[in-house]
Structures are given as C-alpha cells and as structure tokens.
Amino acid sequence: MLAIFWTFLYAHYTFELAMFSRFISRMIAYGLLLLAFLGWWLTRRQVRLRDRFLAIGVVIVASLVAGLLADPTVDGFVLFMTAFPFVFTAWTLWVLASRNRSLRLQRIGFCAVIVAITGFFALLRWEGLYGNQIPQFSWRWSPTAEELFLASRNDQSGANASVDRSAGALQEWSLQPGDWPEFRGPNRDGVVRNVNVDTDWNTNSPKLLWRQRVGPAWSSMIVVDGFLVTQEQRGEFEAVVCYEAATGRELWVHVDEERFYEGLSGAGPRGTPTFANGRIYALGGKGRLVCLAAKDGKPLWSRDAVSEADGAVPQWGYSVSPLVVDNKVIVFAGGKGQQGLLAFDAQSGAPVWSQSGGTMSYSSPQRLTIRGREQVVMHDNQALRSVSVDDGTALWQHTIASETAMPMLQPQLVADGRLLLATDPGMALLEIQRDGENWKVDEKWSSNRLKPSFNDFVVHYGYIYGLDDGILTCVDLADGRRVWKKGRYGHGQLLLLTDQDLLLVLSETGEVVLVSANPDQHQELGRFKAIEGKTWNHPVVARGRLFVRNAEEMAAYGLQ
C-alpha cells in the first residue's frame with residue numbers, strides 16, 4: 001500500500017492536472033491510505049488486540065502534543081497532509097525491522113519512532129506550497145524573509161511613512177512612452193511594445209542595476225515617469241511603496257494597519273497598484289481601496305470594499321488591481337445583491353454605481369471595446385459578465401458551469417468580438433455578437449490543452465503561449481489544438497516582447513528565460529538567475545529595464 005501511495009505521490013507532481021483536480025486527487029489518496037492502513041493494522045492478528053489500539057493511541061497522543069508544540073503555521077491540517085504518510089511509513093518499517101525482537105523492544109522502539117517523526121515536524125515552519133502543491137518548509141528558528149527585511153530597515157513596526165523631499169521627489173508625474181501604469185501593462189495583456197532588447201544573454205547577460213529585500217506580497221509593480229510603485233506587507237501594516245526606478249531608493253510609503261495572511265501562500269497584499277491622472281489606486285488583501293497622490297503618497301480618500309458590499313474576504317485575499325476609466329475606479333468586491341462590482345468617483349471616492357456579480361474572483365476588471373461598444377468585462381465564479389462603463393448596466397454574460405471555479409486571469413480580446421478566457425480547467429474562445437442593444441455569446445471552442453491556473457498567457461500571430469502546470473505550451477488560437485509543450489519553468493509568469501517575437505519567462509524559482517515565440521518549436525535563447533525565492537509575481541519591462549520581485553526580493557536589470 002505504501003509503495004503504491006508513494007509512487008502515486010511522485011507521479012502526481014508530474015501529471016498534467018488542473019490545480020483543483022491535483023488537490024482533490026491528493027486528498028482522495030490521503031484518505032484512502034488512512035482507511036486502508038488502519039484497516040490493515042486493526043486486522044493484523046500477529047499483533048495483540050490491545051497493542052493494536054495502543055499503537056493508534058500513541059500516534060494520536062504524539063500528534064496532539066506535536067500540534068501543541070509546533071509553530072503556529074503548522075496546524076492540524078498541515079500536520080496531517082505532511083507528517084502522516086511518513087508516520088505510516090516509519091510505522092511499517094519498524095514492524096518489519098522488529099518482528100523478531102522482544103515485545104518490550106517492539107513497544108519502546110515504536111514509541112520512539114512515532115515521537116521522532118511527529119517531533120521533527122514540530123521543528124519546522126510551514127512556508128506554504130509551490131505551484132504544483134509541493135509543501136515548502138524551513139526551520140522554525142530561522143528568521144522569515146519578512147523579519148530579515150524589517151531588520152534591514154531597522155523599522156520593526158513597518159509604519160515609517162516618511163517622504164523624501166529631496167529635489168525631484170515631489171514632482172507631478174506624467175505618463176511617458178514605454179511606461180507600465182497598471183497590472184500587466186497599459187492594456188492588461190502582458191505585451192511589451194516598441195522595445196528591442198539584446199538577445200545574446202549567453203555572452204552578455206542583462207546588467208544588474210539594483211537588488212534588495214522587499215516586504216512580502218504577490219503584487220506586481222507599476223513604473224511611471226521614473227518611479228516604481230508596489231504593495232508590501234510590513235509587519236502589521238499593509239504598505240503602498242514608491243521607489244526610484246533607477247536606483248531602488250525608497251521615496252515614500254503609505255501604510256494602513258491591516259495584515260492579510262493565508263497558509264497556502266503566505267502574508268501580504270495580492271493586487272497591483274494603478275496609476276491614473278497623477279494618482280495611485282490600490283486595493284489591499286482585505287479589501288481596503290486607497291487613493292494616493294502619486295508625487296508624495298499623501299492619502300486622498302479610502303473605502304472599505306468589504307463593508308461597502310456586505311461581502312467577505314476571499315480565501316486567498318483580494319487580488320484585484322483597480323481599473324480606472326472615465327474618472328471611475330472599478331473593483332470587484334464579491335458582495336451580495338447588486339454589490340459584486342463597485343465603481344467609485346476617482347476624484348472623491350464617492351460611490352457611482354454597483355452591479356451584481358459572483359462571490360469570488362482573483363481576476364481584475366478589464367476595459368475592452370467590443371463591437372464598437374466600450375465596456376468593462378469581469379470574470380467571477382458565476383459568469384464572465386460585461387457592464388456599461390457609464391452606469392454599470394449589464395450588457396451580456398457568459399455563465400460559468402460550476403461556481404467552484406476560481407477565475408484568476410484576465411480575459412483577452414483577440415479580435416473584434418472574439419474573447420479568450422481561462423476556464424476550469426483549460427481555455428475557451430467566445431464569439432460575441434451585437435444587434436443594437438441585444439448581445440449574443442457563443443463558445444467557439446474549449447480546450448484543456450493549456451491549463452494556465454494563475455499563470456497568465458499571451459497571444460501572438462494566432463497562437464497562445466502560456467505555462468500549463470509549469471510547462472511552457474503553445475496552442476493554436478483557431479481551434480485550441482496544442483502545437484508544442486516543452487520547457488519546465490514552474491508556476492511563474494511571462495511577457496510577450498512583440499516587436500522581436502520573444503517570450504520573457506520569469507520562472508517560479510526566480511530565473512528569467514528568453515524564449516522564441518515560435519509555433520514551430522520551443523527555442524530557448526538565454527537565461528539568468530534574477531532573484532531568490534518562490535516567484536509568482538508578474539514581471540515588468542519598462543523603457544528598456546526589467547523589474548522583478550517576489551515575497552523576498554526585488555531587482556532591476558538593464559535589457560538594452
């Protein structure tokens with residue numbers, strides 16, 4: 001039984017599986033192992049009945065004690081998911097090794113083995129999961145990346161909101177050619193335009209401009225007029241921070257006393273700030289929407305999306321990047337009734353309109369023009385829905401088959417009336433027709449040949465490129481047919497450098513890889529190690545520079 005279980009577990013991490021399917025299959029395997037193992041042990045006549053029950057009691061008591069002594073991050077679920085297969089394995093090996101020994105030695109040895117296994121997990125700190133759901137641990141006495149960051153700043157509270165008032169720090173910002181003012185770029189499509197980079201990385205690797213520790217978050221960055229803005233967790237404070245893009249020098253920081261933490265992915269905000277008309281808009285992990293003056297971080301207004309919408313913080317926190325359009329700030333709130341999607345006045349923060357929506361989404365509102373009509377499209381766990389920018393009137397929707405779906409990616413317009421979106425599991429191409437004020441949505445195709453999970457995709461000359469369970473994949477946009485699948489980069493992110501037909505992949509381990517956007521073959525052109533640690537954050541290319549970050553480090557590299 002154990003051989004089958006461990007073989008399955010090893011193969012399980014290499015199978016093509018959607019995120020939810022991987023989790024459920026693993027839960028089933030754990031449950032079957034538990035039932036089968038206990039069934040075998042309780043019917044094992046070679047062991048006295050009293051000893052059979054005593055052994056189970058020892059395991060339960062040792063596990064309870066280990067749970068009480070363990071780091072707070074190692075709760076009962078984590079202990080079950082990680083320790084029990086090792087407990088059953090050690091249990092079985094001891095039965096084999098001691099079967100010719102005295103009963104007294106068998107009992108003492110069994111207790112020692114169980115205490116050693118469960119006690120070992122009391123020495124660890126749970127650091128969450130990698131994208132393929134392999135657990136991540138560190139020694140509990142080792143400092144966390146966040147503790148090292150705060151220690152390096154000598155600012156344990158994280159509440160340093162000072163402003164550098166040196167020359168140029170308080171200038172008004174204006175959008176420049178090549179800037180990156182919102183999540184995934186100006187069009188939220190992950191495409192870098194009008195940029196040519198040196199591709200000979202094997203002999204001329206991109207030059208490091210600066211590299212430093214950063215507060216934990218899964219936020220990306222925006223780069224505007226020489227300034228970089230991102231979100232971070234600093235102790236018990238959630239921060240929006242402005243850095244000088246050329247040097248990494250901190251210029252200002254705005255903090256709110258909020259902390260979002262979730263065991264699978266850790267602490268910190270998830271959304272990315274947005275720049276518009278001299279202001280920064282950011283939504284925190286618990287739903288606090290703030291508007292700041294870009295030049296100095298001065299707070300102008302804020303709203304609590306959860307209380308406004310009578311909603312609840314999603315399991316993995318709000319991951320929404322505010323959309324600013326026509327002097328409105330639009331965010332997904334997941335509230336009840338007509339409070340799913342909220343629009344506020346960009347200047348004052350006053351509510352403008354609201355519209356119904358699902359209860360959960362990790363995607364962000366998308367501004368699109370479809371069949372001549374400007375609209376806002378939002379993907380939630382109930383539907384892909386479109387609303388009018390002016391007043392939030394519902395235009396059309398495409399219902400999702402199951403509300404257990406967890407949308408995480410941006411829908412992408414690939415032609416007028418043709419919209420590509422990630423589904424569960426896989427992708428689908430929609431055809432959207434308009435007859436006056438009447439809309440019709442048809443599904444052209446759906447395919448599981450690319451399952452992007454939370455890793456965004458790009459489209460180039462009729463082909464889709466994305467990470468399918470950590471492996472780079474090319475799919476034909478016309479019919480969803482897979483063309484090739486090669487290159488293991490983990491659950492990272494990618495950008496399209498459209499002028500040179502290049503993919504820039506930021507791997508889950510912090511490597512940056514340059515790949516040809518070529519449907520004929522997978523061709524890697526070069527790679528280098530950019531940062532250390534698990535990396536899920538979206539990279540940014542702005543004005544010839546590459547900016548990368550994760551929950552531990554942030555760095556800038558010159559690409560030209």
TRP301 being at pLDDT below 95, surrounded by fewer than 22 Cβ atoms within 10 Å (Cβ to Cβ) and either over 21 Å from SER364 (Cα atoms) or of a type in the set (Phe, Trp, Tyr) (or both) | no
Which residue pairs have Cβ atoms closer than 8 Å, lie 6 or more positions apart in sequence or on different chains, and pair a first residue in the stretch 254-272 that is over 20 Å from VAL540 (Cβ atoms) with a second residue that is in a loop (DSSP other than H, G, I, E, B) and among the β-branched types (Val, Ile, Thr)?
-> PHE260/VAL313; GLY263/THR73
Scan the stretch 513-560 for residues that are outside any strand (DSSP E or B), under 29 Å from LEU175 (Cβ atoms) and of a type outside the set (A, V, I, L, M, F, W, C) and jot them down.
-> THR535, ASN537, HIS538, PRO539, ARG543, GLY544, ASN550, GLN560
Count of the stretch 436-477 residues which are in a strand (DSSP E or B), within 24 Å of the chain's Cα centre (by Cα) and of a type in the set (A, V, I, L, M, F, W, C) | 8
When both residues are 6+ apart or on different chains and their Cβ atoms are under 9 Å apart, which pairs have a first residue that lies in the stretch 4-17 and is at pLDDT 75 or above, and a second that is open to solvent by 90 Å² or more (accessible area, probe 1.4 Å)?
-> PHE5/LEU32
Scan TYR461, TYR465 and give me the residue that is open to solvent by less than 30 Å² (accessible area, probe 1.4 Å), hydroxyl-bearing (Ser, Thr, Tyr) and under 18 Å from GLN523 (Cα atoms).
-> TYR465
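Would you confirm whether any residue within the stretch 540-550 is in contact (Cβ under 8 Å) with a residue 24 or more places away in the chain and over 18 Å from VAL197 (Cβ atoms)?
The answer is yes; a qualifying residue exists.
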Report the residue count in the stretch 304-329 for those that are open to solvent by less than 10 Å² (accessible area, probe 1.4 Å), within 21 Å of the chain's Cα centre (by Cα) and either under 12 Å from PRO365 (Cα atoms) or touching a residue at least 60 places away in the same chain (Cβ under 8 Å) (or both).
-> 4
VAL377 assigned to a strand (DSSP E or B) and either in contact with a Cys (Cβ under 6 Å, 6 or more places away or on another chain) or surrounded by fewer than 20 Cβ atoms within 10 Å (Cβ to Cβ) (or both) | no
For TRP218, are the conditions met, namely being of a type in the set (Phe, Trp, Tyr) and either open to solvent by 10 Å² or more (accessible area, probe 1.4 Å) or not in a strand (DSSP E or B) (or both)?
-> yes
Among the residues of the stretch 118-128, which ones are surrounded by fewer than 17 Cβ atoms within 10 Å (Cβ to Cβ) and of a type in the set (Phe, Trp, Tyr)?
-> PHE120
Could you tell me which residue of the stretch 77-117 is surrounded by the most Cβ atoms within 10 Å (Cβ to Cβ), considering only residues that are under 23 Å from GLY31 (Cα atoms) and small (Gly, Ala, Ser)?
-> ALA83
Please go through the stretch 255-273 and pick out each residue that is surrounded by fewer than 24 Cβ atoms within 10 Å (Cβ to Cβ) and of a type in the set (Ser, Thr, Tyr).
-> TYR261, SER265
Restricting the stretch 134-157 to residues that are at pLDDT 90 or above and out of contact with any strand residue (DSSP E or B) (no Cβ under 8 Å at 6 or more places or on another chain), the one most open to solvent (accessible area, probe 1.4 Å) turns out to be TRP141
Examine the stretch 488-499 for a residue that is open to solvent by 10 Å² or more (accessible area, probe 1.4 Å), outside any loop (DSSP other than H, G, I, E, B), of a type in the set (Lys, Arg) and closer than 28 Å to LEU420 by Cα, and state whether such a residue exists.
-> yes
Go through (1) of a type in the set (Gly, Ala, Ser); (2) at pLDDT below 90; (3) in contact with a helix residue (DSSP H, G or I) (Cβ under 7 Å, 6 or more places away or on another chain); (4) under 30 Å from PHE15 (Cβ atoms) one by one and return the number of the condition GLY131 breaks.
-> (3)
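Every residue, every condition in (1) under 22 Å from GLY178 (Cβ atoms); (2) of a type outside the set (S, T, N, Q); (3) modelled with pLDDT of 95 or more, yes or no:
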site: VAL214; (1), (2), (3): no, yes, yes
site: VAL229; (1), (2), (3): yes, yes, yes
site: ALA245; (1), (2), (3): yes, yes, yes
site: GLY263; (1), (2), (3): no, yes, no
site: THR274; (1), (2), (3): yes, no, yes
Given (1) of a type outside the set (A, V, I, L, M); (2) open to solvent by 10 Å² or more (accessible area, probe 1.4 Å); (3) touching a Leu at 6+ places or on another chain (Cβ under 9 Å), number of the condition GLY335 does not satisfy | (2)
What single numbered condition from (1) among the β-branched types (Val, Ile, Thr); (2) part of a strand (DSSP E or B); (3) closer than 29 Å to VAL515 by Cα fails to hold for VAL241?
-> (3)
Does ALA422 meet the test of being without any contact (Cβ under 8 Å) to a residue 12 or more places away in the chain, of a type in the set (A, V, I, L, M) and open to solvent by less than 50 Å² (accessible area, probe 1.4 Å)?
-> no
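The values are calculated or read from the model by the stated rules, or taken from the named source; none is laboratory data. Since we're looking at a predicted model, the values are computed, not measured. Note: ideal-geometry Cβ built from the backbone for every residue, glycine included; neighbour counts use all protein chains shown. Surface areas here come from the heavy atoms of the whole protein model, side chains and all, with no ligands, DNA or RNA. Shrake-Rupley method; radii C 1.70, N 1.55, O 1.52, S 1.80 Å.
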